[in-house]
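Chemist: One structure coming up, written as structure tokens, with questions to follow.
Taken together, the values in this text are just the output of simple stated rules run on the coordinates, not laboratory data. Predicted model, so just to flag it, every value in this text is computed and none were measured. Methodologically, a virtual Cβ is constructed for each residue, glycine included, from the backbone with ideal geometry; neighbour enumeration extends over all protein chains shown.
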Amino acid sequence: MTVKIAVLVSGRGSNLQAIIDSIERGYIKDAAVNLVISNKADAYALERARKHGINAVFLDPGRFDRSGYDREILKLLNNYDVDLLLLAGYFRILGSEIIEAYRDRILNIHPSLLPAFKGLHAQRQAFEYGVKVAGCTVHYVDEGLDSGPIILQSCVQVLPDDTEETLTGRILEQEHIIYPEAVRLFAEGKLKVEGRKVRSLD
Ligand code: GRF
């Protein structure tokens, strides 16, 4: 059975691209990205999706109040019979209605080693804090900020000559590895959530 995936985006969409590519080259099997939704009209992620024949929708936040907006997203997810919802650079808080409807079926990628450096500009937070090791996290989405159970993490060393930009670039390379890996594990039914712990049956 094919796992139907929807992806929420706001911008560049390099993580979306990594997932599409992983499906196309057969690393993630029995899964398809059927729908991409952006809250920004000019998100390059929409173009990336269209290039691969994926339905790409700009949903204008200006037309709805917060919960109305999430209900529109829910309608689309239901119309497409979505099994797995991915946040990939989606810079908007997801309402509890969606989280409840898709409990344990929403993943996010965050560019820090959670629980450190939650929220915006995580790479900058880590760089300015002076950490020696940084990285990224794929986690389930719950009602908190970047707080759901952790699926995968990857670390990178912070090098003496690093700038925020070079560090961000090395973290992004790891994002493009662990997000597809987490989606593969989900699609193969190999993730088990036990409280805060996620067991991978790979
Ligand atoms: C990534 O750094 C991701 O970790 C964060 O937002 C950025 C999105 O980049 N949540 P992209 O749109 O996937 O290129």
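Chemist: Okay, helix-only estimate at 222 nm for the chain: each DSSP H run of n ≥ 4 adds -39500 (n - 2.57), divide by all residues, round to 500 deg cm²/dmol; what do you get? Mind dumping the intermediate values first?
Modeler: Values: 6 runs with 71 residues, N = 202.
Computed ellipticity for the chain at 222 nm equals -11000 deg cm²/dmol.
Chemist: Work out the charge dipole of the stretch 1-154 with +1 on the Cβ of Lys and Arg and -1 on the Cβ of Asp and Glu about the Cα centre, then indicate which of 76, 133, 150 is farthest towards its positive end.
Modeler: 133
Chemist: How large is the dipole of the chain about the Cα centre if only Lys and Arg carry +1 and Asp and Glu carry -1, each at its Cβ, rounded to the nearest 20 debye? Mind showing how you got there, number by number?
Modeler: Working: 25 positive and 28 negative charges, 55 e Å.
Computed about the Cα centre, the dipole is about 260 debye.
Chemist: Please list, or write none, the lysines whose alpha carbon is within less than 21 Å of the alpha carbon of residue 51, excluding same-chain residues fewer than 8 places away.
Modeler: Partners found: 4, 29, 40.
Chemist: Along the Cα-to-C-beta direction of residue 192, a point sits 7 Å from the Cα; which residues of the stretch 98-130 have their amide N less than 19 Å from that point?
Modeler: 104-105
Chemist: So what's the gap between the Cα centers of the stretch 25-65 and the stretch 66-97, to the nearest angstrom?
Modeler: Taking the Cα centre of the stretch 66-97 as reference, the centre of the stretch 25-65 is 12 Å away.
Chemist: Using mean Cβ contacts within 10 Å as the protection proxy, how do 79-92, 143-156 order, highest first? The partial results should precede the final answer.
Modeler: Working: 79-92: 18.4, 143-156: 16.3.
Ranking the peptides 79-92, 143-156 by packing returns 79-92, 143-156.
Chemist: Can you give the FRET efficiency for residue 78 and residue 202, using 1/(1 + (r/R0)^6), R0 = 45 Å, r = Cβ-Cβ distance, to the nearest 0.05? Please list the in-between numbers first.
Modeler: Numbers: r = 31 Å, r/R0 = 0.68.
Here the calculated transfer efficiency is 0.90.
Chemist: Hey, another quick one. When only Cα pairs under 8 Å and 6 or more residues apart are kept, what is the percent relative contact order across the stretch 37-165?
Modeler: On the way: 173 pairs, mean separation 21.9, N = 129.
Worked out over the stretch 37-165, it gives 17 percent.
Chemist: Dipole of the stretch 150-202, Cα-centred, from +1 at each Lys and Arg C-beta and -1 at each Asp and Glu C-beta, to the nearest 20 debye?
Modeler: Numbers: 7 positive and 10 negative charges, 116 e Å.
Dipole magnitude for the stretch 150-202 comes out near 560 debye.
Chemist: Have a look at 54, 93, 106 and tell me which one the Gaussian network model of the chain (Cα, springs below 10 Å) gives the largest fluctuation.
Modeler: For the chain, modelled as a Gaussian network with Cα springs under 10 Å, the answer is 93.
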